[in-house]
Every structure is written in structure tokens, then in C-alpha cells.
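Below you'll find the structure, written out as C-alpha cells, and then a few comments.
Taken together, the values in this text are just the output of simple stated rules run on the coordinates, not laboratory data. Remember, it's a predicted structure, so these values are computed and weren't measured experimentally. In this analysis, Cβ positions are derived from the backbone assuming ideal geometry, glycine residues included, and neighbour counts consider all displayed protein chains.
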Amino acid sequence: MTVSSTVYTIVGVAPPEFFGATVGQAPDLWIPLAMEKEISPGWNGLNEKLFQSLYVIARRRPGVSMERTSANTNLLFQQIMHEYAGPQPTAKQLEGLRHARIDLTSVATGLSTLRRNSLRR
């Protein structure tokens, strides 16, 4: 498949009943994150350390609790954030690090902003 001038290889096709991971949004295709530069040539969020507009979807290993998964995820996240802060973080950075975390959410029924959006009105 060719998008603009970039040729892509289709590596999988979802079943007809799969509408994506976000309720109310049904993407026609998903591309690998590594291809973002080719899709958005004028801007590449991957070059920004604190780029935060990604949803990461994963399966837990059988037998691993959500609590354990959350603890492991946040340990890794804290390590990455400390690397970004550098060897001598400022007091403001240290305060931010104390509160920085990733909240995991089950997407067994999909992600939805519909409830949040309707509560704002």
C-alpha cells in the first residue's frame, strides 16, 4: 500500500468486528509508531522527550495481577523520567517526579471519552 510516496507492507488485517480500542473512533488503518515521521513530515513528536499523546495497549501475562503490572510499569516510568531530568534535577523537576505516574486502565470494553465529554456539558 502506498501513502503519499511511502510504500507500506500490510502485516495484518483485523476481523470485521474489530472497531479499534477507543469507543466512538474507528480508524481505517494503524501504522507503526516508527513510521510517524513519514506520515507527518513537518512534525515528529518522537523527537520530543515528553511527547504524551500515545495510548499503549498491551496484554498482561497470564497470572500477573493488575497491581503487579502497575508497579512494574511505574518503576520503569520513574527510571525513564529520572533519566530525562538529568544528573542534577531542579527542585521543580524532583517535585514533578514524585507525582509522576502512569495509571493503567482495562480496555476490555474499549476506551471512551464519551462519558467524560457528556459530563462537561
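Annotation note: trypsin sites (Lys or Arg not before Pro) in the stretch 55-108 located in DSSP loop regions with a Cβ neighbour count of at most 16 within 10 Å are ARG59, ARG60, ARG101.
In this simple spin-label model, placing a label point 7 Å from the Cα along the Cα-to-Cβ direction at both ARG101 and LEU46 gives a separation of 3.1 nm. On full extension, the segment bounded by ARG60 and PHE19 gains 12.6 nm, given 0.36 nm per residue less the C-alpha separation. Applying both filters, DSSP loop and at most 16 other Cβ atoms within 10 Å, to the GluC sites (Glu not before Pro) of the stretch 1-107 gives GLU17, GLU48.
Listed values for the stretch 10-23 are Karplus-derived 3J(HN,Hα) couplings in whole Hz (6.51 cos²θ - 1.76 cosθ + 1.60, θ = phi - 60°), namely 6, 9, x, 10, 6, x, x, 7, 8, 10, x, 9, 10, 4, and x replaces Gly and Pro.
Taking Cα centre as origin and charging only the Cβ of basic (Lys, Arg, +1) and acidic (Asp, Glu, -1) residues, the dipole magnitude of the stretch 1-89 rounds to 320 debye. The packing ranking of peptides 39-47, 3-11, highest mean first, is 39-47, 3-11, where packing means the average number of other beta carbon atoms within 10 angstrom of each residue. Projecting label points 7 angstrom from Cα along Cα→Cβ for ALA91 and ILE31 puts them 4.5 nm apart.
Karplus-derived 3J(HN,Hα) values for the stretch 63-77, using 6.51 cos²θ - 1.76 cosθ + 1.60 with θ = phi - 60°, are x, 9, 6, 4, 4, 5, 4, 4, 4, 5, 4, 6, 4, 5, 4 Hz; glycine and proline are entered as x.
Under 5 Å from the amide H of THR22 lie the amide H atoms of LEU111, each residue being 5 or more positions distant or on a separate chain, with H modelled from the backbone and absent for Pro and chain starts.
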